Amino acid sequence: MKRSAMKIATAAVITCALFLLNACSQKDTDQEALGEAIFPQGQKGPAEYFTGNAYNYGLVPADSAFTTLVGNVYFEPGARSNWHTHPAGQILIITAGVGYYQEEGKPKQIMRKGDVVKCPPEVKHWHGASPDTGLQQMYIVPNTEKGIVNWMEPVTKEEYER
Ligand code: MN
């Protein structure tokens, strides 16, 4: 092979490798949930309460007039909350992506865009994204004078995949 042909072949191999590398990394960008985002991503939730990357963006802080907390969480694929309870319950409104909600002792349910889920007061549960698609989840916590959340143990890989 001539030297110039060799150079072209080498460049073609490198270009192909870069293309494949780029295609692989784009799988992680979660276009399905991010492309439909309504609110800014917000601040990363602490590892103490979340597995994987979850971001909280506050919309309405609870005060004495409203005693209701409203915000949005973006869960990256695979991310989920710890098990927890809400003393006065919680309402979830899904605006994009795919995720799960599970109450202790019950099978997990799939949540998709447009779903509204009511977590009853004091019922132990978790919520988060599916393994391949993230989740955009609005939350409403009423009657915050009773408390907002009681955090418990992480959701194990086995529980998440069950
Ligand atoms: Mn909850």
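The values are calculated or read from the model by the stated rules, or taken from the named source; none is laboratory data. These numbers were taken from a predicted model, which means no experiment stands behind them. Positions of Cβ are generated from backbone atoms using ideal geometry, with glycine treated the same way; all protein chains shown enter the neighbour counts.
Some points to look at:
- Qualifying residue in the range 106-123 (condition: within 12 Å of the ligand (Cβ to nearest atom) and closer than 17 Å to residue 154 by Cα): yes
- Residues satisfying the stated conditions in the range 89-108, i.e. crowded, with 19+ Cβ neighbours inside 10 Å, within 21 Å of residue 69 (Cα to Cα) and not hydroxyl-bearing (Ser, Thr, Tyr): 90, 92, 94, 96
- Which numbered condition residue 157 misses (of (1) surrounded by fewer than 18 Cβ atoms within 10 Å (Cβ to Cβ); (2) farther than 16 Å from residue 77 by Cβ; (3) modelled with pLDDT of 95 or more): (2)
- Enumeration of residues in the range 128-149 that are within 16 Å of the chain's Cα centre (by Cα) and over 16 Å from residue 57 (Cβ atoms): 128, 130, 131, 132, 133
- Selection status of residue 127, farther than 13 Å from residue 51 by Cβ, of a type outside the set (S, T, N, Q) and within 12 Å of the ligand (Cβ to nearest atom): no
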